[in-house]
Structures are given as structure tokens and as C-alpha cells.
1. Given a Förster distance of 22 angstrom, what is the FRET efficiency for residue 20 paired with residue 108, based on the Cβ-Cβ distance and rounded to 0.05?
2. Taking the Cα-to-Cβ direction at residue 4 and at residue 40 and moving 7 Å from each Cα, how far apart do the two end points lie in nm?
Amino acid sequence: MKRNKISKAIIVFFPSVTMLSITSLTFAYINNISGVALKNMFIASLVLLFPILFLLQGVFCATNALNIFVSLGISILTYSIILITYLNTFAFMSFSINVISGMLGYALGKRFIRITVTN
């Protein structure tokens with residue numbers, strides 16, 4: 001039972017912690033290391049990694065019977081704080097992509113459950 005609660009907490013908070021870590025590292029060391037490399041890393045994470053995190057969170061929420069609104073709500077809140085604090089209008093366009101990928105991941109996870117239960 002305790003292990004189940006820990007795994008659910010990891011599913012809920014892992015994307016938020018990852019997004020905050022990448023953002024903090026990128027903007028904390030931007031003057032010490034080549035700024036272009038860090039900006040490229042952050043843009044890649046903004047375009048690729050963050051939507052993948054939302055997608056995986058949706059899949060894991062569906063397969064572990066977690067509330068999608070609570071899990072994605074925490075990740076969306078974290079992403080919103082990152083947007084307001086650090087970023088410009090480009091990142092606001094990716095906001096809807098992240099939400100859609102989270103919902104898509106949840107739908108894929110539910111579909112996976114139906115397929116495995118019927119077989």
C-alpha cells in the first residue's frame with residue numbers, strides 16, 4: 001500500500017520536478033556556459049521533452065487509475081509558473097500542445113487498458 005502511494009506521487013510530481021529542474025539549470029548557468037548551447041537545450045526541451053512528459057504522465061495516470069485532472073493540473077500549474085517567470089510568447093503557443101499531449105496520453109493509456117483486458 002505504501003509503495004503504491006509512492007509510485008502515484010512520482011507519477012503526479014515527476015513531470016513538474018523535471019520541468020523545474022531543466023528550467024532552473026538552463027537559466028542559472030546561462031552566463032557561465034555557452035548561452036547558445038543552453039538556449040538550444042531549453043528550446044529542445046520546450047518543444048520535445050515537455051510534451052513527452054505530459055504524454056507519459058497521461059499514459060501512467062490512465063494505467064494506474066489516477067485522476068487526470070489533478071495530475072495534469074499540477075503539471076500545468078508548474079508550466080504556467082515557468083511561462084510567467086522566464087519565457088516569452090513562443091512558449092505560450094506550446095502550452096496547448098502540452099495539454100493536448102497529456103490528454104492524448106490519457107486516452108492512449110485507457111485504450112491500452114481496454115486492449116489488454118479484452119485479450
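Throughout, read-outs are computed from the coordinates displayed, never taken from laboratory work. Only a predicted model underlies this, so the values are computations on that prediction, with no experimental measurement involved. No Cβ is skipped: glycine too gets one built from the backbone with ideal geometry, and neighbour counts run over all protein chains shown.
1. The formula returns an efficiency of 0.30 here.
2. It works out to 4.7 nm between the two label points.
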